Protein chains: 2
Amino acid sequence: MFATEHMFVRWLQRQQARRPMGLHLGIGDDAALVEPRAGRELILTTDLSIEDVHFLPQFHPPRAVGHRALARSLSDVAAMGGIPRFALISLAISRRTTQAWLEEFYAGVFALARRFAVAVVGGDTAIVSGATTVDATVLGEVAKGKAILRSGARPGDQLFVSGRLGLSALGLRSIEQRAERAIRKKGLRDAVRTTGKLNDALQAHFYPEPRCHLGRFLGQKNLASSLIDLSDGLSTDLARLSEASHVGARVWAERIPVPASVTLGGSNHDDALSLALNGGEDYELLFTVPSRKVPQVPREYRGVPLHHIGEIRRAKTILLKLPGGKEVALWPLGYDHFKKLGFAPPGRRTNSR
Amino acid sequence: MFATEHMFVRWLQRQQARRPMGLHLGIGDDAALVEPRAGRELILTTDLSIEDVHFLPQFHPPRAVGHRALARSLSDVAAMGGIPRFALISLAISRRTTQAWLEEFYAGVFALARRFAVAVVGGDTAIVSGATTVDATVLGEVAKGKAILRSGARPGDQLFVSGRLGLSALGLRSIEQRAERAIRKKGLRDAVRTTGKLNDALQAHFYPEPRCHLGRFLGQKNLASSLIDLSDGLSTDLARLSEASHVGARVWAERIPVPASVTLGGSNHDDALSLALNGGEDYELLFTVPSRKVPQVPREYRGVPLHHIGEIRRAKTILLKLPGGKEVALWPLGYDHFKKLGFAPPGRRTNSR
């Protein structure tokens, strides 16, 4: 472990060589000083990442823990149509944590921050006897009046989603299966090392890509009437968007970009569909487009495919249209902290809380 | 406990009836949208408050936990000469927490926020099996170029401090003494209730007052060349200010506003001085003033006394001048997370980390 907090702070300061535009004072004083561009609104969001809740220290490499902690907040900024600028990383470090873990964690944070030109300008640190807890706060910008809310979907709007859904949940499943085997074999002691090239599912789970460029494109082109990021699963996040917009939706099962079957092992299409509907942590963007603007939606943006998966309805229920033509209700079965604990039936959750 | 996170979020939304100026979108979407005033720099700061590290659930009333969590970040904004505008409260809630605790916690947060016209615009929530952990992020504003840093003190500048030092540590001591008695008597089970009117020390410990008005006054009047808030004790925070400014200091022991002896019970003046020098969590402001501006420093500002306690020296050591005229080195013996754990000798700590 770093000998003193002073040395830790100095080390942190050295990780970011260049002083980005708009950063007047970074890590080291009572607070950071930044200057946003004139005429912008600011986007503020924060996300917790907690040991044994959001990550398992035995299975998630520290670099992935850092990447995922920041990615969650960057994705929230993308989901407003904005661009991220500054981040604060608060870290309650478990007493069991090593300096190597900490360095790898920050390597994950800084690598992702660098790619999106985000400056890490502060945070707070404490050492605790319990679980390591990260809180990543991001400040973003959006041109005045250009933010895309959850609440703008109107009946007749068409529903789109980016990328491929369910891959992260598939990656998590493969980690859990490995863990079970490891526990059966020798009891759970050491980390289950994930070495070599990651397959698509593990890559999606460990290093999800926040869709900041896409979010900004949708805002700048005035294409999307509403927008949300898929943090807890399509079924749950679509319910949130629909509720905020006071509408319902119809989703065509055949159009949902499920994980390619080859990566599923022996599983069938129903399983893939279930992963895509209810698996969380995809961090893809779900958005609605007014009918007349649908021709302007590209088939892909910067290499990320955009799929037309359904439509918004006036009736406030959400339907899933199956391949045979039958329609069933689509319930929100994605991740929910309260549900997980058996406190309540599937509820809604907002990321800005 | 709230039946669903949805209900919790709705409850939170109802706690703030008015939409403050500059808040375009609060709790409930992917992120918050705010608009700072033109021509301002933004101040960003965040502070952790952790069960069994920063507060003890048996002894700290939940309302005080909420107040203190936000006060720490407001004090950082005051220490830059700015005014706080928006806050995000992230909360990892221990599974043992009751809804009553949560409501009282937020009552403490919202009461303090209201008094300083700060809008709580977001956060994140999770339920954990371990310690309750709060991360309070505050966004403040300061006129361009008017922020007061730690690094501006120059030899010959005069050293001032607001309020009275060591009261919070005295309050903590009385809590600990009560706890010991309670444990001896019946084993530690229930909360040691603090009822009735609080004495000055308990009031200072449970409900510290961030000096936002004073910080802003010092900035607007261009009075202070450097400024820091006393979160970890005068001896430690003066060492930080001195290091950042590449200077030393001389402090006159007689001038330090120690707790009134009557509140100390049987203790003597040395004890009071030690509390004032090394007791943390006072959240008073320590600042330097160029000699020629000293006459402009009022004896008090908005009821808070300002004490002239020393001077800045070129030599990079910090001296304490005792009543007899003898000078001794003043070592940083205030709170330090790493020191507490036996990792290192007293180090420096920065609040923006």
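Could you check how many residues of the range B:109-119 are surrounded by 23 or more Cβ atoms within 10 Å (Cβ to Cβ) and either among the charged types (D, E, K, R) or touching a Pro at 6+ places or on another chain (Cβ under 7 Å) (or both)?
So the answer is 2.
Specify the residue that is surrounded by the fewest Cβ atoms within 10 Å (Cβ to Cβ); the eligible residues are those in the range B:26-41 that are within 7 Å of chain A (Cβ to nearest Cβ) and either touching a residue at least 40 places away in the same chain (Cβ under 8 Å) or small (Gly, Ala, Ser) (or both).
Within the range B:26-41, the match that is surrounded by the fewest Cβ atoms within 10 Å (Cβ to Cβ) is B:Ala38.
Find the residue count for the range A:164-205, including only residues that are in a loop (DSSP other than H, G, I, E, B), farther than 16 Å from A:Asp232 by Cβ and modelled with pLDDT of 90 or more.
Total satisfying the criteria: 1.
Here is a list: A:Ala100, A:Ala153, A:Ala182. Which entry is touching a residue at least 40 places away in the same chain (Cβ under 8 Å) and of a type in the set (A, V, I, L, M, F, W, C)?
Testing whether each residue is touching a residue at least 40 places away in the same chain (Cβ under 8 Å) and of a type in the set (A, V, I, L, M, F, W, C) leaves just A:Ala153.
Can you find even one residue in the range A:309-318 that is within 14 Å of chain B (Cβ to nearest Cβ) and either surrounded by 12 or more Cβ atoms within 10 Å (Cβ to Cβ) or modelled with pLDDT of 65 or more (or both)?
No, the range A:309-318 contains no residue that is within 14 Å of chain B (Cβ to nearest Cβ) and either surrounded by 12 or more Cβ atoms within 10 Å (Cβ to Cβ) or modelled with pLDDT of 65 or more (or both).
For the range A:66-96, which positions are in contact with a Ser or Thr (Cβ under 7 Å, 6 or more places away or on another chain) and of a type in the set (A, V, I, L, M, F, W, C)?
Of everything in the range A:66-96, those that are in contact with a Ser or Thr (Cβ under 7 Å, 6 or more places away or on another chain) and of a type in the set (A, V, I, L, M, F, W, C) turn out to be A:Ala69, A:Val77, A:Ala87, A:Leu88, A:Leu91, A:Ala92, A:Ile93.
Residue check: is B:Ile89 among the hydrophobic types (A, V, I, L, M, F, W, C), within 11 Å of another protein chain (Cβ to nearest Cβ) and not in a loop (DSSP other than H, G, I, E, B)?
For B:Ile89, the condition - among the hydrophobic types (A, V, I, L, M, F, W, C), within 11 Å of another protein chain (Cβ to nearest Cβ) and not in a loop (DSSP other than H, G, I, E, B) - is met.
Check whether at least one residue in the range B:62-74 is in a strand (DSSP E or B) and hydroxyl-bearing (Ser, Thr, Tyr), and report yes or no.
No, the range B:62-74 contains no residue that is in a strand (DSSP E or B) and hydroxyl-bearing (Ser, Thr, Tyr).
Only one residue in B:Leu286, B:Leu275, B:Leu227 is touching a residue at least 60 places away in the same chain (Cβ under 8 Å), within 22 Å of the chain's Cα centre (by Cα) and assigned to a helix (DSSP H, G or I), so which one is that?
On inspection, the qualifying residue turns out to be B:Leu275.
Filter the range A:130-170 for residues that are within 14 Å of chain B (Cβ to nearest Cβ) and basic (Lys, Arg) and give the result.
Scanning the range A:130-170 gives A:Lys144, A:Lys146, A:Arg150.
What pairs come out if I take residues in the range A:310-328 that are under 25 Å from A:His269 (Cα atoms) and without any contact (Cβ under 8 Å) to a residue 40 or more places away in the chain and pair them with residues that are in a strand (DSSP E or B) and of a type outside the set (D, E, K, R) whose C-beta lies under 9 Å away, six or more apart or interchain?
Short answer, once both residue conditions are applied: A:Val328/A:Leu319; A:Val328/A:Leu320.
What residue, of B:Asp271, B:Asp232, is crowded, with 24+ Cβ neighbours inside 10 Å, at pLDDT below 95 and either assigned by TED's automatic domain parsing to the domain that holds B:Ala111 or acidic (Asp, Glu) (or both)?
B:Asp232
Just to be sure I understand, how many residues within the range A:118-150 are in contact (Cβ under 8 Å) with a residue 60 or more places away in the chain and over 25 Å from A:Phe287 (Cα atoms)?
Total meeting the criteria: 11.
What is the number of the single condition among (1) under 15 Å from B:Leu48 (Cβ atoms); (2) more than 19 Å from the chain's Cα centre (by Cα); (3) not aliphatic (A, V, I, L, M) that A:Arg96 does not meet?
If we test A:Arg96 against (1) under 15 Å from B:Leu48 (Cβ atoms); (2) more than 19 Å from the chain's Cα centre (by Cα); (3) not aliphatic (A, V, I, L, M), just (1) comes out false.
For the range A:105-129, what are the residues that are away from chain B (no Cβ under 14 Å) and in contact with a strand residue (DSSP E or B) (Cβ under 6 Å, 6 or more places away or on another chain)?
Within the range A:105-129, A:Ala113, A:Phe116 meet the criteria.
Is it true that B:Leu102 is more than 9 Å from every other protein chain (Cβ to nearest Cβ), crowded, with 24+ Cβ neighbours inside 10 Å and touching a Pro at 6+ places or on another chain (Cβ under 8 Å)?
no
Taking A:Met1, is it at the interface with chain B (Cβ under 9 Å from one of its Cβ atoms), assigned to a loop (DSSP other than H, G, I, E, B) and surrounded by 24 or more Cβ atoms within 10 Å (Cβ to Cβ)? Write out each step before concluding.
Values: at the interface with chain B (Cβ under 9 Å from one of its Cβ atoms): yes; assigned to a loop (DSSP other than H, G, I, E, B): yes; surrounded by 24 or more Cβ atoms within 10 Å (Cβ to Cβ): no.
No; evaluated as a whole, the condition is false for this residue.
Can you go through B:Val9, B:Val53 and tell me which one is at the interface with chain A (Cβ under 10 Å from one of its Cβ atoms), over 28 Å from A:Ser75 (Cα atoms) and surrounded by fewer than 24 Cβ atoms within 10 Å (Cβ to Cβ)?
B:Val53
On the basis of being touching a helix residue (DSSP H, G or I) at 6+ places or on another chain (Cβ under 8 Å) and either under 30 Å from B:Glu35 (Cβ atoms) or of a type in the set (Ser, Thr, Tyr) (or both), does B:Ala169 make the cut?
Values: touching a helix residue (DSSP H, G or I) at 6+ places or on another chain (Cβ under 8 Å): yes; either under 30 Å from B:Glu35 (Cβ atoms) or of a type in the set (Ser, Thr, Tyr) (or both): no.
No.
Right, A:Arg292: free of Cβ contacts under 8 Å to residues at least 40 places away in the same chain, within 20 Å of A:Gly81 (Cβ to Cβ) and surrounded by fewer than 19 Cβ atoms within 10 Å (Cβ to Cβ) or not?
yes
The values are calculated or read from the model by the stated rules, or taken from the named source; none is laboratory data. Here the structure is a predicted model, which means the values were calculated and not measured. Positions of Cβ are backbone-derived with ideal geometry, glycine not excepted, and every protein chain shown enters the neighbour counts.
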